[in-house]
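**Student:** I have a structure here, written as structure tokens, and I will follow up with some questions on it.
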Amino acid sequence: VSEASHFLPERRDLPALASAAKSCQACPLHERATQAVFGEGPLGAPVMFVGEQPGDQEDREGRPFIGPAGQLFNEVLARVGIRREDTYVTNAVKHFGWTGDEKRRLHATPNRREVLACKAWLEAEVAAVKPRMIVCLGATAAQTFLGPGFRINRSRGQVFETPWTPWWMATFHPSALLRMPDEQAREEARAHFEADLRRVAERLR
Ligand code: URA
Ligand code: SF4
């Protein structure tokens, strides 16, 4: 059982979950974060996007994917014709983890312990939203569902049938696309990312 399960409320609707997550202390990440950033989107959204964890801006404002990675994500969603407000957008881990100092907070990838601690929130979101499709953005989200052996480079764009949804896919994390130093590799990865989201768009029609 995930550690966060001790903090889950009796009622499992989205507002109750989001509110309860604010006081979760199941892993040390809550200590240095400003607030828990819960998922956003309507009940019954056909697709749930799962990122890694909130970044610096998300931590300050309390909403997922609103910083640079979120902007790239929004652009590609618009290009393939998905309205973000029709989807549910969340993260595998709800509190921002960082190193460095207050002036320059550097994102630190959550470790397996933190990911597993937080998994109960993600599973409660899936149970409440009941999406038809789950799309993981990056390895952290994908490994939360399918285990630490999952590799984006090997399995990106493949559709899996999982206990959570019959249609499950992982693709690149938008931050990874922003970081790739090699221009050609970056353009290729962006094209793959867009093609993956286009498949999601086609299944939404
Ligand atoms: N990166 C993520 O994985 N999630 C966010 O919400 C923002 C950046
Ligand atoms: Fe709880 Fe997740 Fe925050 Fe850790 S990161 S304290 S498990 S909500």
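The values are calculated or read from the model by the stated rules, or taken from the named source; none is laboratory data. Just so it is clear, the structure is predicted and the values come from calculations on it, not from any experiment. Glycine also receives a Cβ, built like all others from the backbone with ideal geometry; neighbour counts cover every protein chain displayed. For accessibility, only protein heavy atoms count, side chains too; no ligands or nucleic acids. Shrake-Rupley method; radii C 1.70, N 1.55, O 1.52, S 1.80 Å.
**Student:** Is the C-alpha gyration tensor of the chain telling us rounded, prolate or oblate? Criteria: a/c under 1.5 is rounded; beyond that, a/b larger than b/c is prolate, otherwise oblate.
**Tutor:** On the way: a/c = 1.56, a/b = 1.19, b/c = 1.31.
Cα axes put the chain in the oblate bin.
**Student:** Also, quick follow-up: Among all stretches of the chain without exposed GluC sites (Glu not before Pro) (DSSP loop, at most 10 other Cβ atoms within 10 Å), which one is longest? Present the calculation step by step, with values, prior to reporting the outcome.
**Tutor:** Values: sites that count: Glu10, Glu102, Glu161.
Of all site-free stretches, the longest is 11-101.
**Student:** Leaving out ligands and nucleic acids, and using a 1.4 Å probe, what accessible area per residue does the chain come to in Å²?
**Tutor:** Details: 10160 Å² over 205 residues.
Value for the chain: 50 Å² per residue.
**Student:** How much mean residue ellipticity at 222 nm does the chain get from its helices, if each DSSP H run of length 4 or more adds -39500 (n - 2.57) and you divide by all residues, to the nearest 500 deg cm²/dmol? Provide the component values of the computation, followed by the final result.
**Tutor:** Working: 9 runs with 89 residues, N = 205.
Helix-only estimate at 222 nm: -12500 deg cm²/dmol.
**Student:** Quick one: accessible surface of Thr34, probe radius 1.4 Å, all protein chains present, in square angstrom to the nearest 10.
**Tutor:** Accessible area, nearest 10 Å²: 90 Å².
**Student:** Please give the net charge around Pro131, taking every other residue with its beta carbon less than 13 angstrom from that of Pro131, where Lys and Arg add +1 and Asp and Glu add -1.
**Tutor:** Details: positive: Lys130, Arg132, Arg203; negative: Asp86, Glu123, Glu125.
Counting the neighbours of Pro131, the net charge comes to 0.
**Student:** Applying 1/(1 + (r/R0)^6) with R0 = 35 Å to the Cβ-Cβ distance of Gln57 and Glu161, what FRET efficiency is obtained, to the nearest 0.05?
**Tutor:** Details: r = 35 Å, r/R0 = 1.00.
The computed FRET efficiency comes out at 0.50.
**Student:** If you don't mind, there's one more thing I want to ask. Nothing charged except the Cβ atoms of Lys and Arg (+1) and of Asp and Glu (-1): what's the magnitude of the dipole of region 3-204 about its Cα centre? Round to the nearest 20 debye. Before the final figure, lay out each step's value.
**Tutor:** On the way: 27 positive and 26 negative charges, 46 e Å.
Dipole of region 3-204, to the nearest 20 debye: 220 debye.
**Student:** When only Cα pairs under 8 Å and 6 or more residues apart are kept, what is the percent relative contact order across region 3-204?
**Tutor:** Working: 360 pairs, mean separation 46.8, N = 202.
Relative CO of region 3-204 lands at 23 percent.
**Student:** Would you mind pulling out the separation of the Cα centroids of region 23-81 and region 162-178, in Å?
**Tutor:** That distance is 14 Å.
**Student:** Quick check: residue separation of Glu202 and Arg151 times 0.36 nm, minus the Cα distance between them. What number comes out in nm? Show your work: numbers first, answer last.
**Tutor:** Values: separation 51, 0.36 × 51 = 18.36 nm, distance 2.48 nm.
Result: 15.9 nm gained on full extension.
**Student:** Let me ask something additional. Which percent of the accessible area of the chain is formed by carbon and sulfur heavy atoms (probe 1.4 angstrom)? Please list the in-between numbers first.
**Tutor:** On the way: 4930 of 10160 Å².
Ligands and nucleic acids excluded, carbon and sulfur give 49 percent.
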